């Protein structure tokens, strides 16, 4: 049996509630629900259970200290053909170190390096046939969005299960940040 996995930081309920307030009329936007919000550290993809166990072992051996994050700014992926709207994060060296550690752990478990450069973000909506001008207006209206800092004291391995209303995520393992 294979699992579709990723490593991510779960978001506090208060942050999710603030992110939900960003929903607006935006033609072609398919807004995500609060239980779908997370900050991906490393997308793993489809792996068999043995590889998932190896990843869990490697990630479980990592050591990192807790740190603070805050959500800051709104943007989009896709350029002139926008495909997603996202919330960004204030620059945080601890977050980048944690993501690099996850990348190394996944490689030690036998996976290839990620093909994508890490860009920390929280996906708010996927877009289909959205007009670039409409997305630009949304970003102009919401681009100054910020949250208060929140503490990150753990991250998780999630499995992803597609449904008609979007993916459902199931926590597979929790990795505390203890220092």
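Here, each number is a calculation from the coordinates, and none is a lab measurement. As the structure is a computational prediction, the values presented were derived from the model and not from experiment. Every residue, glycine as well, gets a Cβ built from its backbone with ideal geometry; the counts of neighbours run over all protein chains shown.
A few comments on the model shown:
- Annotation: for a label point projected 7 angstrom from Cα along Cα→Cβ of residue 94, residues of segment 150-179 with backbone N closer than 20 Å are 150-157, 174-179.
- Full extension of the chain segment joining residue 33 with residue 140 gains 36.3 nm, where the gain is 0.36 nm per residue of separation less the Cα-Cα distance.
- Modelled FRET efficiency - R0 25 Å, residue 167 with residue 114, Cβ distances, 0.05 increments: 0.85
- With helices as the sole contributors, the chain gives -8000 deg cm²/dmol at 222 nm; each DSSP H run of n ≥ 4 counts as -39500 (n - 2.57), and the sum is divided by every residue.
- Ordering of 33-39, 88-94 by burial proxy (mean other Cβ atoms within 10 Å per residue, highest first): 33-39, 88-94
- Degrees between helix 93-108 axis and first principal axis of the chain (Cα, 0 to 90, nearest 10): 50 degrees
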